[in-house]
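Novice: So that we are looking at the same thing, I have put the structure below in C-alpha cells.
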Amino acid sequence: MSTPHAPYAPEHDWRRLDPRTVWVTALVVAGVVAGAALPATLGLTRWLGLPGAVLWVLAAAVVVIGAAAGADRVRWHRTRYRVGQERVELHTGLLLVKRRSLARERIRTVDLTANLLLRLLGLVTVRIGTGEHGGDSTLELDPVTRAEGERLRRLLLERATTARPGVHRDGELAALDPRWIRYAPVSFVAPMLGGAAVGAVMQISDWVGAQGAVIAWAGDRFQETPVLWVIVILVAAALVAGVVGALGLWIEMWWNYRLEREPGGTLRVRRGLFTSRSISVEEARLRGVDLVEPLGVRLVGAARLDAITTGLAQDSDSKNADHNTVLPAVPRELADSVAAAILREETTPTGAPLTRHPLAARGRRLRWALAAALAPLLLLTVLGALLTPVLLWIALGGAVVLLPLAVALALTAYRALGHALSGRYLVTRSGTLRRSTAALERAGVIGWTVKQSYFQRRAGLLTVTATTAAGGGAYTAYDTGAAEGLTFAAEAVPGLLEPFLERGDRTGP
C-alpha cells in the first residue's frame, strides 16, 4: 500500500540503485535508434541525399541517446530505497518527489528478472509486490546487483512460519527436460506466430516502400498455380514460420527451468535463456493447482500446471504475465506427479475420479454448438437463394465441415465436465479448447454462487461456483444435477451453504 508521506530516515539507512543503469539505458536506446535508423535514412534520402540523410540521422541518434542517458542519470541520483523493520520504502522523482512504502507483512512476491544485457552486467530488476490490484501495490528496483536482489528476496520472504504438513521434502521438484520442447509446436501460439510473421513481412515491406514488389513477386511465383493450392502453400508456409517461432519462444521462456521448494516453505521457479526470471510463491498463500490442457497439447497427452495462489502478480504491469505457471507443458503423468509434490500429497487431486454430469448437460452443448454452426449456414442459404447459387454451394460445403465439427466439439465439452472431492481439495473440470482441472483447497473457499436459468431448471441442472481470493477468483462446476451440485457444495465446505439450502427448501434454488 502506498503512503504519500513516509517517515524520513537517516541517510546512511538508504541504498541507491546500481549506477550502471545509465549505461544500460544508453545501450537499450542505442539499439532502438539503430533499428529505426535504416527506414529513417531511406526516407530522408529523397530530400537530402544519402550523405545528408546519414549525417542528420547520426546527429539525431546522438541527441536521443544522450537525452535518455541524462534522464536516467537524474533518475538514479534521485532514487533511493531502504528495508526497515516494518516497511520497505522507495523515494524517487525530481520536481515531484514520490515517497512510497509497503508494509513488510503484506509483501507476497519478490521476483527477479534480467534481460541479456542485465545478465552480462550482473544486474537484475526486483519487483516487490503485495499481490493487490493497482500500481501502488508494487515497488520496482531497476536495476540492482544480483547479489542485492537475492538478499532482498531472502530478507523479505523469510517468515517465521511452520512448514505445511506433507510427505514431500525440500529441494528440487522438477527440472528442465529438453524433450518437453516437442509440445511447443502444438500449442495455440504456433498459428498466431505464423500470422504475425506474415503481417511483419508486409509491414516491413511497406516501411521501405517495397510492398507492391513483394506482392508482385509472390504473384509471379504462383501465376500458374490453382487458387486452392496457393492457399494451401501460403497457410503451410505460415504454419512453418509459426512452428519455428513457437520453438524459439519456448526456448527463451523455459530454458534453465527449475522448480524447487526452499526451506521455510517457498516455491521458487527459475527459467529463461536470454531473460532470466525468478518467481517465488509462498506455500502459505498456495490454495491449489490448475492442470491446464489446451486442445493441441491434450491430443499428445500433455498438460501444464498453474498455481492457484493469493497475492501473485496482480498489478497492472504483470497481471497478464505467466507468473502463475509453475510447470510448462509436460507429459500428463509428470504433471500429476509434480502437482502432488507441490501440494504435499501422496496422490494428486487433479487425478481423482470425477463425477460425470447428467446427459441433459450433453444435450445443452449439442444444441448450442449446432445453433452456432447453423446460423451462418442459414444466412448463406438465404442470400444464395436471393443473389447467386455460388453462396448455396459455399453453404453446402460449410455444412459438411461445420456440422460434424460442432457435434465433435460439443461431445468433447460434455466429456470434459466433472467434479469431485479429494481429501482437502474440491476438484472441478471443464473446457473444450482449453480444458482446466482445478484442485482448490476447501479452506480457501469463501463463498458459493449458484445459478439456474429457465432452461437449466427444466433440464434439472444448475451451475455452482466456488469463489476464492486465490487464482482466478472463481472455479465452476457447470451443469451439474440440481441436487448433486448443491450436495457437492455443501459437503465441500460444511456450514457455508446451509442458509441457502434452507431458503431453497421454501422458494427453490
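Novice: State all residues of segment 252-277 that are in contact with a Gly (Cβ under 8 Å, 6 or more places away or on another chain) and open to solvent by less than 10 Å² (accessible area, probe 1.4 Å); if no residue qualifies, say none.
Specialist: ARG261, the sole residue that qualifies.
Novice: With the checklist (1) open to solvent by less than 40 Å² (accessible area, probe 1.4 Å); (2) within 28 Å of the chain's Cα centre (by Cα) in hand, flag the one item GLY460 doesn't pass.
Specialist: (2)
Novice: I need a count of the residues in segment 127-158 that are modelled with pLDDT under 85 and open to solvent by 70 Å² or more (accessible area, probe 1.4 Å).
Specialist: 3
Novice: Only one of these is outside any loop (DSSP other than H, G, I, E, B), more than 27 Å from TRP180 (Cα to Cα) and touching a residue at least 24 places away in the same chain (Cβ under 8 Å): LEU383, LEU392, LEU377. Name it.
Specialist: Testing whether each residue is outside any loop (DSSP other than H, G, I, E, B), more than 27 Å from TRP180 (Cα to Cα) and touching a residue at least 24 places away in the same chain (Cβ under 8 Å) leaves just LEU377.
Novice: Can I ask one more? Show the residue pairs meeting these rules: Cβ distance below 6 Å; 6+ apart or different chains; first residue within segment 418-429 and farther than 8 Å from PRO349 by Cα; second residue part of a strand (DSSP E or B) and among the aromatic types (Phe, Trp, Tyr).
Specialist: If the second residue must be part of a strand (DSSP E or B) and among the aromatic types (Phe, Trp, Tyr), the pairs left are THR428/TYR475.
Residue-by-condition table, conditions (1) open to solvent by less than 10 Å² (accessible area, probe 1.4 Å); (2) at pLDDT below 95; (3) not hydrophobic (A, V, I, L, M, F, W, C):
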residue	(1), (2), (3)
LEU299	no, yes, no
LEU312	no, yes, no
ASN320	no, yes, yes
HIS323	no, yes, yes
VAL330	yes, no, no
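Novice: Residue check, VAL407 against (1) farther than 18 Å from GLY431 by Cβ; (2) of a type outside the set (D, E, K, R); (3) more than 28 Å from the chain's Cα centre (by Cα), all met but one. Which one?
Specialist: Of everything listed in (1) farther than 18 Å from GLY431 by Cβ; (2) of a type outside the set (D, E, K, R); (3) more than 28 Å from the chain's Cα centre (by Cα), VAL407 misses just condition (1).
Novice: Additional query: So which of ARG304, ARG268, ARG277 is assigned to a strand (DSSP E or B), under 16 Å from the mean Cα position of the chain (by Cα), modelled with pLDDT of 90 or more and more than 30 Å from ARG415 (Cβ to Cβ)?
Specialist: ARG277
Novice: Okay, next question. Residue by residue through segment 50-80, note down the ones that are crowded, with 17+ Cβ neighbours inside 10 Å, under 25 Å from ARG100 (Cα atoms) and of a type outside the set (Ser, Thr, Tyr).
Specialist: Of everything in segment 50-80, those that are crowded, with 17+ Cβ neighbours inside 10 Å, under 25 Å from ARG100 (Cα atoms) and of a type outside the set (Ser, Thr, Tyr) turn out to be ALA68, ALA69, ASP72, ARG75, TRP76, ARG80.
The values are calculated or read from the model by the stated rules, or taken from the named source; none is laboratory data. These numbers come from a predicted model, not from an experiment. Reconstructed Cβ throughout: ideal geometry from the backbone, glycine too, with neighbour counts over all protein chains shown. Accessible surface areas use protein heavy atoms only, side chains included; no ligands, DNA or RNA. Shrake-Rupley method; radii C 1.70, N 1.55, O 1.52, S 1.80 Å.
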